[in-house]
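The values are calculated or read from the model by the stated rules, or taken from the named source; none is laboratory data. All figures in this text were calculated on a predicted structure; none of them were measured in a lab. Every residue, glycine as well, gets a Cβ built from its backbone with ideal geometry; the counts of neighbours run over all protein chains shown.
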Amino acid sequence: MQPIRLLKGFVTVGAWTMLSRVLGFVRDILIAATLGAGPVAEAFLVAFALPNMFRRFFAEGAFNMAFVPMFAKKLEGHEDAHDFARDAMAGMMVILAGFTVLGVVAMPLLVTAMAGGFVGDERFHLAVTFGRIAFPYILFISLAALVSGVLNATGRFLAAAAAPVLLNIVFIAVIAVGWFFEIPADEFLGLGIDRMLGLEVGSALALSVPLGGVVQLGLVWWAAARAGFHLVPRRPSLTPELKRLAVIAAPAALAGGVVQVNLLVGRQVASFFDGAIAWLNYADRLYQLPLGVVGIAIGVVLLPDLSRRLRAGDEAGGRHALSRAAEVSLALTVPAAVALVVIPLPLISVLFERGAFDAADSRATAAALAVYGLGLPAFVLQKVLQPLFYAREDTVRPFRYALVSLVVNAAAAVGLAFAIGYLGAAIGTTLAAWAMVVLLWRGSRDMGAAATLDERFVARLPRILAASAVMGACLLGAEALLAPALAEPLWRYAALAILVTAGLASYAAAGALFGAFSPRDFRLATSRSAAARR
């Protein structure tokens with residue numbers, strides 16, 4: 001087979017995801033500075049979360065986990081993958097067009113389900129208005145995810161990885177427009193189309209959501225056409241392949257639904273505490289940086305590669321790919337998790353504390369960030385382990401495991417909310433993530449050699465943990481020394497840069513001393529022969 005170059009794919013996806021996350025920080029810094037953690041900010045965050053929730057449900061969850069392995073195997077078997085993709089796109093357009101209309105009409109119910117604490121105050125009306133503007137994003141981004149799956153299955157990761165960068169560029173540009181043409185939010189419904197630029201920041205943000213979806217879809221569609229896949233939908237038809245796709249996607253859809261219910265539980269808990277939705281969102285943004293750069297990149301590249309290797313009978317290559325993906329993931333995310341737990345307040349205060357976002361907001365957000373940090377390795381390991389199931393078109397067991405994680409999350413979030421408030425939602429999310437990892441690992445033990453981790457991974461893991469512990473101790477010491485500079489507005493950026501550099505240097509030195517990793521260790525084989533030699 002024409003191999004997928006895992007390391008090149010990982011670096012490509014990771015680098016573009018890093019750029020997207022950096023621009024996402026710029027976007028969130030602007031939102032925090034202009035809206036703080038007030039009612040407009042919370043209303044927009046809930047409105048934006050709604051299409052994103054269903055995006056993960058329809059596109060990146062159920063559909064892609066079923067579509068990518070089938071499409072990759074058709075490519076490997078030299079079957080008619082192009083027509084299969086066109087049929088899938090036509091079916092998705094029909095389903096999502098109807099769902100978009102339904103969502104816009106039922107937006108008050110969706111907002112109530114997402115944030116029941118909004119009912120009866122100004123946040124509810126704002127969230128419904130913003131949600132109706134933003135919801136069509138689900139149609140555009142789901143189609144973009146399908147086209148991205150086609151590109152990823154062929155080993156072309158660049159355009160799909162770059163698309164989220166365009167989304168954040170649109171966000172930042174529209175925020176700037178909202179600043180220059182600011183009007184009261186309650187005048188929005190009376191505007192004509194010729195005055196759409198005259199919006200306050202919250203309404204401008206809502207408008208940027210579907211606009212960003214159109215831009216993303218345009219980019220990946222153009223890239224697919226250049227690669228020889230002209231994905232012009234044709235008349236919908238329920239072919240045998242689409243029936244098979246639906247059968248595989250159904251359990252994945254249910255699993256995706258469970259994951260989204262987990263998110264709903266957290267937001268429902270947070271909505272009863274003023275400012276909590278914004279605090280959790282800003283903390284989420286920071287821990288999503290390593291999760292996106294490492295976990296999502298690994299998952300995106302690993303799924304089509306494992307699918308094609310299984311079709312080719314390459315057990316040794318599959319085991320090597322899995323082991324190196326797990327090794328790279330933990331070598332990068334364990335120290336990141338330690339940093340989030342050890343120095344959350346300097347990170348939050350320097351990045352977000354300005355304008356309407358004050359010191360109290362920083363402390364509340366930092367507490368949530370530390371809790372999320374404890375779950376970061378689990379979130380990443382899920383991205384490594386899930387492809388083992390989806391590459392085998394097994395979507396039933398992940399659904400069952402997701403149900404267990406839902407019970408864990410709900411029990412922790414709701415139960416702890418009475419004692420510790422909004423942090424119960426963050427703790428529930430972290431505990432559910434670790435429960436999911438344990439279940440995925442146990443469930444993969446009957447999959448043969450391709451689903452086992454090799455000796456090199458087993459040897460490296462304790463060394464990675466030891467090097468991360470050394471880094472944590474160094475960060476604590478450096479934070480104490482730099483405390484005066486971190487509190488000084490003129491010097492805090494430089495102080496944070498020094499703090500982060502000290503952490504990176506100490507981890508690199510400890511890792512080299514303990515033999516936790518070396519550049520040569522992280523080379524990912526691109527052929528069966530290379531995998532066999534190892």
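Tell me which residues, restricted to region 66-80, are under 17 Å from A246 (Cα atoms) and without any contact (Cβ under 8 Å) to a residue 12 or more places away in the chain.
Of region 66-80, the ones under 17 Å from A246 (Cα atoms) are 66-74.
Selection gives K74 alone.
Could you please find all residues in region 352-369 being out of contact with any Ser or Thr (no Cβ under 6 Å at 6 or more places or on another chain) and surrounded by 21 or more Cβ atoms within 10 Å (Cβ to Cβ)? Working first, answer last.
Let us first name the residues in region 352-369 that are out of contact with any Ser or Thr (no Cβ under 6 Å at 6 or more places or on another chain), namely 352, 354-361, 363-369.
Of everything in region 352-369, those that are out of contact with any Ser or Thr (no Cβ under 6 Å at 6 or more places or on another chain) and surrounded by 21 or more Cβ atoms within 10 Å (Cβ to Cβ) turn out to be F352, F357, D361, A364, T365, A366, A368, L369.
With the condition kept exactly as written, say whether any residue in region 106-123 is within 30 Å of F229 (Cα to Cα) and crowded, with 19+ Cβ neighbours inside 10 Å. Spell out how you get there, then give the answer.
Filtering region 106-123 down to residues within 30 Å of F229 (Cα to Cα) leaves none.
No, region 106-123 has no match at all.
Among P335, P387, P377, which is more than 25 Å from L490 (Cβ to Cβ) and modelled with pLDDT under 85? Talk me through it step by step, then tell me what you get.
Details: P335 fails: modelled with pLDDT under 85; P377 fails: modelled with pLDDT under 85.
Just a single option satisfies the conditions, and that option is P387.
I need the full set of residues from region 367-405 which are aromatic (F, W, Y) and under 16 Å from W434 (Cα atoms), in order please.
From region 367-405, those aromatic (F, W, Y) are 372, 379, 389-390, 399, 401; that's our starting set.
If the condition is that a residue be aromatic (F, W, Y) and under 16 Å from W434 (Cα atoms), then Y372, F379, F399, Y401 are the ones that fit.
Can you spot a residue in region 199-219 that is among the hydrophobic types (A, V, I, L, M, F, W, C), buried (at least 20 other Cβ atoms within 10 Å of the Cβ) and modelled with pLDDT under 70?
Yes: one or more hits.
Based on this model, can you work out whether F99 counts as surrounded by 20 or more Cβ atoms within 10 Å (Cβ to Cβ), at pLDDT 80 or above, within 25 Å of V46 (Cα to Cα) and under 26 Å from the mean Cα position of the chain (by Cα)? First the steps, then the outcome.
On the way: surrounded by 20 or more Cβ atoms within 10 Å (Cβ to Cβ): no; at pLDDT 80 or above: yes; within 25 Å of V46 (Cα to Cα): yes; under 26 Å from the mean Cα position of the chain (by Cα): yes.
For F99, the condition - surrounded by 20 or more Cβ atoms within 10 Å (Cβ to Cβ), at pLDDT 80 or above, within 25 Å of V46 (Cα to Cα) and under 26 Å from the mean Cα position of the chain (by Cα) - is not met.
For region 436-483, give me each residue that is within 27 Å of the chain's Cα centre (by Cα), buried (at least 17 other Cβ atoms within 10 Å of the Cβ) and of a type in the set (G, A, S).
Passing the criteria: G443, S444, A450, A451, A467, S468, G472.
Name every residue in region 390-419 that is of a type in the set (S, T, N, Q) and closer than 22 Å to L322 by Cβ, in order of residue number. First the steps, then the outcome.
To start, the set of residues in region 390-419 that are of a type in the set (S, T, N, Q) comprises 395, 405, 409.
Residues satisfying the conditions are T395, S405.
Does any residue in region 507-518 that is touching a residue at least 24 places away in the same chain (Cβ under 8 Å) and closer than 18 Å to L475 by Cα come within less than 6 Å, Cβ to Cβ, of a residue that is among the β-branched types (V, I, T) and assigned to a helix (DSSP H, G or I) six or more places away or on a different chain, and which pairs are these?
A510/V470
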